[in-house]
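Here's the structure we're looking at; comments come further down.
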Amino acid sequence: MSTAESLRLEGSRSRLLTIGAVCRRLKAEFPDVSISKIRYLEGEGLVTPRRTQGGYRLFSEDDLERLQTILRLQRDEFLPLRVIREELAAGAAKARRKRATATLGEHDDDGVDVEDLCERAGVDPARARELEQFGLLEPPYTELDVEIAAVCERLARYGIAPRHLRAFRTAADREAGLLEALVLPSLRSRNPERRRAGLDDLRALTEAAQELSQLLLGRTVRRLAG
């Protein structure tokens, strides 16, 4: 990547960093870190930067913090990558559950246009339209849609097309329908306190349902692994 292109990418999204910028920031604490090391950690599935349509890696501040955590665990606790991967997966799943429910009942004001979504998630407009067609993205886009598109793109690298992912949307709708039946009376209430209690219940139920889904999937794939 040319210097001009690197600067353009770094400046285009204040929250996103090129691999060179990430390496420079990490060197303050980890002098021996290199771009090759970051690429190696990516190849091991420990970090998954977004990609521009041109294929350039773009790292978020969360990616940077994740790399710092990985390097600290290697340096300070001498943990193997397998153990680090398991610990990070457990922590990331919990963070995603909380992030997905943090703004329940609030108006979404974090609108994202399609160009921003495509660049940050590393998808092209045609893929975004296809994801929308199968109900995986819902305009007007929000930050959650960016994350969903990025995960769908990761799955696409294994040959999983958007049409195959429709089952995930269907399962989510079924789970949401179950939760809705439990809390809808409270959410429809004109009593502010009862409505707040209903939203709290919905957050707790959603996090528990997500955790159960992940545990059941984990148990099933363990059987596949023998």
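Worth pointing out:
- Some residue of region 140-158 being closer than 27 Å to GLY111 by Cβ, among the polar types (S, T, N, Q) and assigned to a helix (DSSP H, G or I): no
- Candidates ARG174, ARG154, ARG163, ARG169: the one that is exposed (fewer than 13 other Cβ atoms within 10 Å of the Cβ) and touching a residue at least 12 places away in the same chain (Cβ under 8 Å) is ARG163.
- Yes/no for ARG223 being among the basic types (Lys, Arg) and farther than 26 Å from GLY111 by Cα: yes
- All positions within region 197-224 that are without any contact (Cβ under 8 Å) to a residue 12 or more places away in the chain and farther than 22 Å from PHE168 by Cα: ALA197, ASP200
- Residue match in region 189-201 (condition: outside the structural domain of LEU58 (by TED's automatic domain parsing), among the hydrophobic types (A, V, I, L, M, F, W, C), over 29 Å from VAL123 (Cβ atoms) and in contact with a helix residue (DSSP H, G or I) (Cβ under 8 Å, 6 or more places away or on another chain)): yes
- Cβ-Cβ under 8 Å pairs, at least 6 apart or on other chains, region 54-66 side free of Cβ contacts under 8 Å to residues at least 40 places away in the same chain, far side crowded, with 16+ Cβ neighbours inside 10 Å and not in a strand (DSSP E or B): ARG57/THR18; ARG57/ILE19; ARG57/GLU42; ARG57/PRO49; ARG66/LEU46; ARG66/VAL47; ARG66/LEU88
The values are calculated or read from the model by the stated rules, or taken from the named source; none is laboratory data. Remember, it's a predicted structure, so these values are computed and weren't measured experimentally. Glycine gets a Cβ as well: all are built from the backbone with ideal geometry, and neighbour counts include every protein chain shown.
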